[in-house]
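Asks: Provided herewith is a single structure, encoded as structure tokens, for subsequent inquiry.
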Amino acid sequence: MAVTLERIWPVLKGVPLAVLTMSLVTVDLAAGYLCLRENEDLFNPLNHLGLIRWGFTYAAIHPWKTLWLFLLFVLLFILAVNTLTCTTSKVLFLYRIYRNRAGLISKLFVHIMHYALLVILFGLLASYTFPGRYASSVIAVKGESTRIPGTDIYLELVSSDIDYYRGNRLKYLNGRTISVHFTIGLKSGETTVARAIGINSPFFFNGLGFYLEDFGPKSRSSMNDTPYVRLLVKRDRGTILYFSGTLLFTIGLALYLFRVFIKGSKPSRGPRNHGEGK
Amino acid sequence: MICPAWPRRGWNTGSKDKMPSLHAPFAMAAILYTMAWCTSMMPSPAPAASIPLFVLAILANLLSDAARYYHSWPFLPMYQMPFFLPSLVGILLSGSVLYQGKESRWLLGLLALLSLGALFFPKDFYLPFWKSRTIFSHIFFLTGVMADACFIISGLLALSYLKDRGTTRPIFNHWAIWGFALDTLSIFSGEIWSYLGWGSPVVWDDPLITLSMSTWFYYGCYLHLDLLRGWGMRRRALAAVLGAGLVVLFQWYPNLGPFSPPDINGLMRWPWL
């Protein structure tokens, strides 16, 4: 066992494996484009069913059309293991070399991005493996309270503020909605609150996210002018992880660019060690 | 859904409104790019004429970009990437044309091909949709096109580097790094937009998302090549040329539509014609 690990370890933490894996991911995603283009309806439910339920239903019926996605997960897993081992060994190496010298921090900028990528991948995995969606859609109208299935939360549309476009610049939008703001009343046990929701403006309550899926009326001349909203209610367990990773990656990238273009360092990452670590 | 009032044949198809076609400035830009390319290949002193033609082409292209945004704002102009790309590539590498650098002919040729492709193969105009009304959708689009422009320039300079047999500075690497940074910013903006609008960091409805990710991973791979044994500057230049080809294939080509000749009547309604 120890001998096997000794042989695998240098391969596992090597840059050649990272380059090979990323090349294969490039090809796999291009193949994914062809599969997705022809079968959007097959992949759309992945947004709300989650990976496991989707895998046992849609993907099980169409294994060849969804193979690229499972191959992508395998490749990303290999890339994650490679990034973790490679980056950690490199960081430890740099720490030993630069422990008592200046410049250690600037050598670590690129590794911040590597760790951030891992955090993003774990966040996405958590988000899609345990989606925790309560209902595909909850419709709220004025004067009627609707219970969100699986919870003790009741919601109701309290007020709506719809702006219709008038003007010459966007003629195709004349008389149609340009912006909307709805107020939703929520009741859970003894707690009663009101929250505002709009396009790209969700709200959160009791750990659940509420997103505007659809609304009405969409135009001034609509046959039915009764305001309604259709909400997507979900608990995303990966949100904090993938947004933390995104922020960390952005910071690492900004510092890396600063080092390369402002300080004028070489784009390469510290001492060269061909094929031994990133 | 095809936009009823933003078609190829003017702003108001079927109406008596004699507004000029929105495509006119872009058609003008494509003609000027092509003329600049042709003059750059003629014997001296004709190539000097390519400079004013190039400047006019960039101005016409920017006017086209501004018009597309003007008729969409605060929403995103959908599927307009092929019209924005030539202007950004041209502006970023304008120094090469203005100072008659050795890449100027290739650049002008590339701009002519990109603009003619967009002119003759436009995708249908789509009604902007409500969920694109956020700053993140605009950052996603603009940084994405800028990243593509940087990748294409990187490939062009790498080609020039290969032609010179590695005697010039390999600045194509820096363009690839900027492209990667902008592409990352575009993908992260798309992630935030997707989360705010759909409650999910990736929306599996748009196949183009996979091609964006594919390009990102390719350049992630490219940036690690300098750590590999045997991957000198020449091989990396080849990888940069391949990357530019992938950007054209993965980002530009899917945004084109079927062949459709430009509307001459719409063009003629512009004051200068």
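Throughout, read-outs are computed from the coordinates displayed, never taken from laboratory work. Computed from a predicted model, the values in this text were never measured in an experiment. Positions of Cβ are generated from backbone atoms using ideal geometry, with glycine treated the same way; all protein chains shown enter the neighbour counts.
Asks: Per-residue mean of other chain beta-carbon atoms within 10 angstrom of the beta-carbon, peptide B:223-231?
Replies: Partner Cβ neighbours, averaged per residue: 6.
Asks: Roughly what angle does helix A:2-12 make with the longest principal axis of chain A, taking Cα atoms, 0 to 90 degrees, to the nearest 10?
Replies: 70 degrees
Asks: Starting from the Cα-Cα distance between A:R96 and A:T151, subtract it from 0.36 nm times their residue separation and give me the gain in nm to one decimal.
Replies: Difference between extended and current length: 14.5 nm.
Asks: Hey, what angle do you get for helix A:239-257 against the long axis of chain A, alpha-carbon based, 0 to 90 degrees rounded to 10?
Replies: The angle comes out at about 50 degrees.
Asks: A further question follows. Of the listed peptides A:236-247, B:74-85, B:151-162, what is their order by residue-averaged count of other C-beta atoms within 10 Å, with the highest listed first?
Replies: Output ranking for A:236-247, B:74-85, B:151-162: B:151-162, B:74-85, A:236-247.
Asks: For helix A:15-38, report the angle its Cα long axis makes with the longest principal axis of the Cα atoms of chain A; keep it between 0 and 90° and round to the nearest 10°.
Replies: With rounding to tens, the tilt is 30 degrees.
Asks: Between A:V81 and B:I135, how high is the FRET efficiency from 1/(1 + (r/R0)^6) when r is the Cβ-Cβ distance and R₀ = 56 Å? Nearest 0.05.
Replies: 0.95
Asks: How far, in nm, would the chain grow between A:L71 and A:T88 when pulled straight, counting 0.36 nm per residue and subtracting the alpha carbon separation?
Replies: Value of the extension gain: 3.5 nm.
Asks: Take the Cβ-Cβ distance between A:D214 and B:M41 as r, set R0 to 56 Å, and report the resulting FRET efficiency rounded to the nearest 0.05.
Replies: E(calc), rounded to 0.05, equals 0.50.
Asks: Using a cut-off of 15 Å between beta-carbons, work out the net charge of the residues near B:Y253 (Lys and Arg +1, Asp and Glu -1, B:Y253 not included).
Replies: Here the count lands on +1.
Asks: Quick one: give the max-minus-min coordinate of the C-alpha atoms of segment B:73-232 along each principal axis, largest first, in Å.
Replies: Extents along the principal axes, in whole Å: 51, 39, 22.
Asks: Still on this structure, I have one more. Please report, ordered by residue number, every helix of chain B (full DSSP H runs) that is 30 Å or longer along its axis going by C-alpha atoms and whose mean Kyte-Doolittle hydropathy reaches 0.0.
Replies: Qualifying helices: B:135-163, B:172-198.
Asks: State, as an integer percentage, the relative contact order of chain A based on alpha-carbon contacts under 8 Å between residues 6 or more apart.
Replies: For chain A, the relative contact order is 22 percent.
Asks: Count, for each residue of A:24-34, the Cβ atoms from other chains sitting within 10 Å of its Cβ, then give me the mean as a whole number.
Replies: Per-residue shielding by partner chains comes out at 6.
Asks: What is the fewest-to-most order of A:T151, A:T26 by other Cβ atoms lying within 10 Å of their Cβ?
Replies: Neighbour counts put them in this order, fewest first: A:T151, A:T26.
Asks: Now a separate question. Between A:V27 and B:F259, what is the label-point separation in nm under the 7 Å Cα-to-beta-carbon projection?
Replies: 3.3 nm
Asks: Around B:A29, with a cut-off of 13 angstrom between Cβ atoms, what is the net charge of the other residues, counting Lys and Arg +1 and Asp and Glu -1?
Replies: Within the 13 Å Cβ shell, the charges total 0.
Asks: Explain nothing, just compute: Karplus ³J(HN,Hα) = 6.51 cos²θ - 1.76 cosθ + 1.60, θ = phi - 60°, for every residue of segment B:251-256 in order, whole Hz, x for Gly and Pro.
Replies: For segment B:251-256, the Karplus curve yields 10, 7, 4, x, 8, 8 Hz.
Asks: Of all DSSP beta bridges located in the protein assembly as shown, what percent are antiparallel, nearest 5?
Replies: 95 percent
Asks: Relative to the present Cα-Cα distance, how much length would full extension add between A:A60 and A:N39 at 0.36 nm per residue of separation?
Replies: Answer, rounded to one decimal: 6.1 nm.
Asks: Next up: Shielding by partners for B:249-255, please: the mean number of other protein chain Cβ atoms within 10 Å of each residue's Cβ.
Replies: Per-residue shielding by partner chains comes out at 1.
Asks: Measure up A:K90/A:K263; A:K142/B:K131; A:K218/B:K123; A:K187/A:K218; A:K13/A:K90 against 19 Å on the Cα-Cα distance and list the ones that go over.
Replies: A:K90/A:K263; A:K142/B:K131; A:K218/B:K123; A:K187/A:K218
Asks: Return, ordered by residue number, the residues of segment B:166-181 whose backbone nitrogen is under 12 Å from a label point located 7 Å along Cα→Cβ of B:R234.
Replies: B:166-167, by backbone N distance to the label point.
Asks: What is the distance, in nm, between label points placed 7 Å from the Cα along the Cα-to-Cβ direction at A:R7 and at B:F121?
Replies: Spacing of the two 7 Å Cα→Cβ label points: 4.9 nm.
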